[in-house]
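First the structure, in the form of C-alpha cells, and then the observations on it.
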Amino acid sequence: MRENKENQHTNDYRHKETFIYTYSAKQQDEINSIKQKYVPRNENKMEHLRRLDKSAEVKGTIVSIVLGVIGTMLLGLGMCCIMVWSDVLFGVGIIVGVLGIIVIAIAYPLYTGIIKKERTKIAPMILKLAEELEN
C-alpha cells in the first residue's frame, strides 16, 4: 500500500512538470495588431500621397458638420417657438427658423470652398509625389 502511494506521488510530480502549449492563430493576430500600434511606421510614398489627399477634406468636413448642426438646432428652436409659444414668440420663431435654414444652406458651399482652398495649398506636394511614383 505504501508503494502505491509513492508511485502515485511520483506520477503526480512528473505530470506537474510537463509543459503543455496550445497555439492560437487568433491570439497571435491580436498580439501582432497591438504590437503594430507601438512600432514606428515607415510610410511609403503612396501612403503619404493618400494621407495628403485625405487631409484636404478634413477641415471642410469639420466646418460643414458644425455649421449643419448649428443650423439644425436653430431651425428646431424656431419650430419650437412657433408650435409651443405661438402666442408670444411666433415672429421670433419664424426669424430663428429662417436663420437656421440659411446656416444649413451655407454649409455645403462653404465645404466645397474650403476643400478647393486646401487642395490648392497642398497641390505642389501632391503633384511632386505623384510624379515620383509614376517614374
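The values are calculated or read from the model by the stated rules, or taken from the named source; none is laboratory data. Just so it is clear, the structure is predicted and the values come from calculations on it, not from any experiment. Every residue, glycine among them, receives a Cβ derived from its backbone with ideal geometry; neighbour counts consider all protein chains shown.
For every residue, the table says whether it meets (1) under 30 Å from Asp53 (Cα atoms); (2) loosely packed, with under 15 Cβ neighbours inside 10 Å; (3) among the hydrophobic types (A, V, I, L, M, F, W, C).
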{"residue": "Leu74", "(1), (2), (3)": "no, no, yes"}
{"residue": "Cys80", "(1), (2), (3)": "no, yes, yes"}
{"residue": "Met83", "(1), (2), (3)": "no, yes, yes"}
{"residue": "Leu89", "(1), (2), (3)": "no, no, yes"}
{"residue": "Gly97", "(1), (2), (3)": "no, no, no"}
{"residue": "Tyr108", "(1), (2), (3)": "yes, yes, no"}
{"residue": "Tyr111", "(1), (2), (3)": "yes, no, no"}
{"residue": "Ile115", "(1), (2), (3)": "yes, no, yes"}
{"residue": "Ala123", "(1), (2), (3)": "yes, yes, yes"}
- Message: Let me confirm something: among Ser55, Ser64, which residue is part of a helix (DSSP H, G or I), polar (S, T, N, Q) and closer than 30 Å to Asn135 by Cβ?
- Response: Ser55
- Just name the residue that is nearest to Tyr111 (Cα to Cα) out of those in segment 69-92 that are among the small types (Gly, Ala, Ser) and at pLDDT below 95. Gly91
